[in-house]
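**Student:** Input: one structure, supplied below.
Just so it is clear, none of the values below were taken in a lab; they were calculated from the coordinates. The structure displayed is predicted, hence computed values, not measured ones. Quick reminder, even Gly has a Cβ in these numbers, built from the backbone with ideal geometry, and neighbours come from all protein chains shown.
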Amino acid sequence: MKTKKLMTRAVLMASAVTAFGLGLDAGLVLARGQRYESFVTPTPLPAGSTLIVGFHGGRDSWDDQRRSIRKLALKLRSLNLEGVHAETVENTRREVALELVKKALDTNRDARLDAAECASARIVLYGQSFGGAAVVKFARDLEGLGVPVLLTVQIDSVGRDDDVIPPNVAAAANLYQDQGRVIRGEPQIRAADPSRTRIVGNFKYDYRGKKIDISGVPWFKKIFRNDHTRMEHDPQVWSSVESLILEALGRPALAGEIDGR
C-alpha cells in the first residue's frame, strides 16, 4: 500500500511537470474537450459489429495522430475489417465513450438498453498510461449497464484501482515497464472473478540497452518519463496490442507475436 501511495505521488509530480511544459509541446491541447460529434462510427451498429475504443494517456487530444493510441485506431480502420469500428477517446471523457456505446447498442432506438441489446455487445478496450486506468474504469461503467467486454488491453497503465479487472470482461492483457525513474506501469492485473475473466498475461518490457527513437519527444517527457515514453513509442508494443485485438476478433492470421522481452 505504501509503495502504491509513493507511486501515486510520483505520478502527480510528473503530471505537474508535464503541465508546466505544455507550452513547449504544441501538440498538447490545454482547454479543449472531446465531443460526441467527433466519432465517425454509425449508430446503432448492425448486428455482429465490433466497437474498439482506445483511451489516450495524459492530456493527449483524441485526434492527435502522433500518439500511438490514435495511430493504432487508424491502422485498424485501414484494414477494412467487416463490421469493425475503431474510435479514440481522451481519458477524462469516459462519459462521451459511454454515450457512444449506448447509441451503438440501442438497435431499436428507444434510448434504453435491454438485455438482448447488452448481450449482443462486442467491445474491445485499450489504453495507455492514464488511458490504461481509464480502460478498467470504463469496463466497470459498462458492467453497471450489463454490457460485456471482449477484451481489455492496458499499456503501461497508471492510476488508482487499475489492477482488478471486472467480471464483465472476458479477457484482459497488461503490457508494462517497471524501470522508469518516476512512472512505472501497473505490474500485475488480476480478475475479480477468475471463472469469468481470463488474464492473457502481464507482459514486461525492459528498456535497458534497447534503442527507441524518441527524438521528437519534448525534453520534460524524456527526463521524467524516460521508459514510460519509450514504451509509448515502441513499435513492438503496438504490434503486440494489435495482435491481441485481432486475435480477440478472430483474425489470428493478421496478428503478429507478443513478446515483451
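**Student:** What's the Cα-based Rg to Rh of region 86-165, Rh via Kirkwood? Provide the component values of the computation, followed by the final result.
**Tutor:** Working: Rg = 12.6 Å, Rh = 12.9 Å.
Ratio of gyration radius to Kirkwood radius: 0.98.
**Student:** While we're here: Given H placed on each backbone N at 1.01 Å, which residues far from Ile165 in sequence or on other chains put an amide H within less than 5 Å of it?
**Tutor:** Amide H neighbours of Ile165, under 5 Å, 5+ apart: Arg190, Ala191, Ala192.
**Student:** Given H placed on each backbone N at 1.01 Å, which residues far from Ala86 in sequence or on other chains put an amide H within less than 5 Å of it?
**Tutor:** Ile52
**Student:** Along region 118-124, what does the Karplus equation 6.51 cos²θ - 1.76 cosθ + 1.60 (θ = phi - 60°) give for ³J(HN,Hα), rounded to whole Hz, x for Gly and Pro?
**Tutor:** Those phi angles translate into 5, 5, 7, 4, 10, 10, 10 Hz.
**Student:** Here's a follow-up. Using θ = phi - 60° and the Karplus form 6.51 cos²θ - 1.76 cosθ + 1.60, what ³J(HN,Hα) does each residue of region 158-168 get, whole Hz, x for Gly and Pro?
**Tutor:** Coupling constants for region 158-168: 10, x, 7, 6, 9, 9, 10, 8, x, x, 7 Hz.
**Student:** How far apart, in nanometres, would the label points at Gln65 and Ala111 be if each is projected 7 angstrom from Cα along the Cα-to-Cβ direction?
**Tutor:** Inter-label distance under the simple model: 3.7 nm.
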